[in-house]
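Shown next, in C-alpha cells, is the structure this report addresses.
The values are calculated or read from the model by the stated rules, or taken from the named source; none is laboratory data. Since the model is a prediction, treat every value here as computed from it, not as a measurement. Because the Cβ atoms are built from the backbone with ideal geometry, glycine has one as well, and the counts that use them run over all protein chains shown. Side chains are part of the model used for accessible areas, which takes the heavy atoms of the whole protein and leaves out ligands, DNA and RNA. Shrake-Rupley method; radii C 1.70, N 1.55, O 1.52, S 1.80 Å.
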Amino acid sequence: MISEKMILLAKNNSVIRAMFEEGNRLAAEYGRENVFDFSLGNPSIPSPSAVNEAIIDIVQNENPLSLHGYMTNAGYPAVREAIAKSLNKKHGTAFSEKNIIMSAGAAGGLNVALKTLLNPGDEVIVISPYFVEYGNYVSNFDGELVVVPASRVDFQPNMETMRRAITDKTKAVIVNTPNNPTGVVYSEDTIKKLALLLKEKSKEHGSPIYIVSDEPYRELVYDDTEVPFITKFYKNTIVCYSWSKSLSLPGQRIGYVLVPSEAEDYELIFETASIATRILGFVNAPALIQKVVAKCLEQETDIEAYNANRVLLYDELSALGFEIVDPKGAFYLWVKTPGDDKDFVKAAVKYNILIVPGSAFTCGGYVRIAYCVSKQTIEKSLPAFKKLANELGIKRKVP
Ligand code: PLP
C-alpha cells in the first residue's frame with residue numbers, strides 16, 4: 001500500500017480537478033473562446049522583455065560550467081546580495097546576502113521555512129480564507145493547522161479570534177498580503193496589532209512565535225495601496241517571496257526566503273533553512289533563473305492590464321448587484337454569494353463561467369473570480385454574468 005496520507009490528498013484534490021475537467025468539457029462543446037475561465041491564478045501578462053534578454057545574455061556570455069554547476073545551497077551570493085540591495089533601496093532596510101536564501105518559488109520557500117521551524121505537533125495558524133496548500137505544507141512536517149477566520153466585513157485578521165487561537169504550541173502564523181483569495185491588503189494597523197499580540201504571546205511562552213509572510217503578490221497592488229513590509233514591525237518574520245506573479249514566471253520556480261538578522265536564533269535559522277533547501281531535494285533554486293531575476297530587479301511589474309480588468313469587472317458586477325470585497329491587490333475578486341457557494345458555482349457553469357467556490361478556501365458563502373485573463377474574456381463574459389445575476393435573483397441595491 002502506498003502512503004495513506006497521499007491517497008487522502010489525491011482524493012481531496014477533486015475540486016480543482018473537477019474544475020479543470022469542466023473547463024475542457026465546455027471548451028469542447030462551445031469552443032475555448034466562449035468559455036470564461038476565471039478559475040486559475042496564472043498570470044496573463046507576459047514577462048517583461050528584459051527577462052528573455054537577460055536569459056540570452058547570460059547563456060551567451062557566462063562560462064557554461066559554472067552557470068550550470070552546483071552551488072552553495074542558499075544560492076549565488078552575488079544574486080542574493082543584489083536582491084538585498086534592491087530591498088534596502090525600496091524599503092529602507094539593511095539586508096545582505098546573509099539574510100537571503102534562494103528558493104523554488106514561494107511554495108518552495110514556505111516548505112523550507114516550515115521544515116526549519118516545526119517540531120511534530122507544533123501549531124501553525126492560518127487566516128481563513130487561505131491558500132489551501134498551506135494545509136499540505138504544514139502536514140509535510142507533522143505540524144497542526146489552526147484556522148482563524150478573518151473578519152467577515154473587511155477580511156482583515158481579527159485580533160481577538162487570533163488571541164484565542166494561540167496556545168503554547170503555536171509556532172507560526174502564516175500571513176498572506178496581498179491576499180489570495182480575497183484580494184485584500186492588510187493595513188499597517190492590522191500588522192502593528194498582530195505584531196503586538198505575537199510579541200506579548202511570545203514573551204508569555206518564553207519562545208518566539210514566527211510570522212511566515214507569504215508574498216507572491218507583493219507587487220500586485222492598486223490605487224497607491226501600501227503593503228507594509230512586515231520585518232519592520234516584527235523581527236521574528238520569515239518572508240517567502242516569489243517572482244511567479246510579479247515577473248509572470250510561475251513555471252521557472254524562483255523566489256527567496258528572507259530571514260532578518262534581528263530574528264531570534266537568526267544564525268541557526270539561516271543555516272538550517274539552507275540545509276532544508278538541500279534535504280527537501282531542491283538542493284538549490286534553479287541556477288539560470290536566479291541570475292535572470294538578479295538582472296531584472298529594477299523592472300516595474302506592469303500591472304496596468306490587471307488593474308483595467310479589476311476596475312471593469314468590479315464596476316460591472318457591482319452594477320449588477322454582486323457584493324464584492326474591496327479588491328486592493330493580487331488579481332482576485334472575492335464575491336459574496338446569496339446562497340450556497342457551490343450552488344453559485346454550478347449556476348455559473350450554465351453560462352460557461354468557471355470560478356472557484358469559497359469553500360475550496362475554507363470559507364463558504366463566497367466565490368473567487370481570478371481576473372488574470374484577457375480583457376476580451378471579461379468583456380465577453382459580462383452578458384453571462386447578467387444572466388447569472390437574473391437566475392440567482394441578484395439585484396442592484398438602490399442607494
Ligand atoms: N502562496 C499563495 C497565496 C499563492 O497564491 C501561490 C500561488 O498561486 C503560492 C503561494 C505559490 O506561489 P509560487 O508559484 O511562487 O510557488
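Below, the figures for the structure above:
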quantity: Conditions (1) surrounded by fewer than 17 Cβ atoms within 10 Å (Cβ to Cβ); (2) within 23 Å of the chain's Cα centre (by Cα); (3) small (Gly, Ala, Ser): number failed by Ala285; calculated: (1)
quantity: Any hit, segment 204-214, residues being of a type outside the set (A, V, I, L, M, F, W, C), touching a residue at least 60 places away in the same chain (Cβ under 8 Å), closer than 16 Å to Ala330 by Cβ and in contact with a Phe, Trp or Tyr (Cβ under 6 Å, 6 or more places away or on another chain); calculated: no
quantity: Criterion (open to solvent by 60 Å² or more (accessible area, probe 1.4 Å), part of a helix (DSSP H, G or I) and in contact (Cβ under 8 Å) with a residue 24 or more places away in the chain) met by exactly one of Ala78, Ala50, Ala54; calculated: Ala78
quantity: Flag if Ser274 is within 14 Å of the ligand (Cβ to nearest atom) and not hydrophobic (A, V, I, L, M, F, W, C); calculated: no
quantity: Any pair with Cβ under 7 angstrom, 6 or more apart, that starts in segment 253-271 at a residue that is open to solvent by 80 Å² or more (accessible area, probe 1.4 Å) and ends at one that is basic (Lys, Arg); calculated: Glu262/Lys235
quantity: Residue match in segment 135-142 (condition: closer than 23 Å to Gln290 by Cβ, more than 14 Å from the ligand (Cβ to nearest atom), at pLDDT 95 or above and not hydrophobic (A, V, I, L, M, F, W, C)); calculated: no
quantity: Test: residue in segment 272-282 that is touching an Asp or Glu at 6+ places or on another chain (Cβ under 8 Å), of a type outside the set (A, V, I, L, M, F, W, C) and open to solvent by 10 Å² or more (accessible area, probe 1.4 Å); calculated: no
quantity: From the options Val257, Val311, Val227, residue that is within 15 Å of the chain's Cα centre (by Cα), within 30 Å of Thr377 (Cβ to Cβ) and among the β-branched types (Val, Ile, Thr); calculated: Val227
quantity: Considering residues of segment 191-239 that are among the acidic types (Asp, Glu), under 22 Å from Gly92 (Cβ atoms) and in contact with a helix residue (DSSP H, G or I) (Cβ under 9 Å, 6 or more places away or on another chain) only, the residue least open to solvent (accessible area, probe 1.4 Å); calculated: Glu215
quantity: Residue count for segment 93-123, restricted to those that are open to solvent by 10 Å² or more (accessible area, probe 1.4 Å), over 15 Å from Lys171 (Cβ atoms) and either modelled with pLDDT under 95 or of a type in the set (Ser, Thr, Tyr) (or both); calculated: 2
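Per-residue answers, yes or no, for (1) over 30 Å from Thr272 (Cβ atoms); (2) open to solvent by 60 Å² or more (accessible area, probe 1.4 Å); (3) away from the ligand (no atom under 16 Å from the Cβ); (4) touching a residue at least 40 places away in the same chain (Cβ under 8 Å):
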residue	(1), (2), (3), (4)
Glu22	yes, no, yes, yes
Ile58	yes, no, yes, yes
Met71	no, no, yes, yes
Ala84	no, no, yes, no
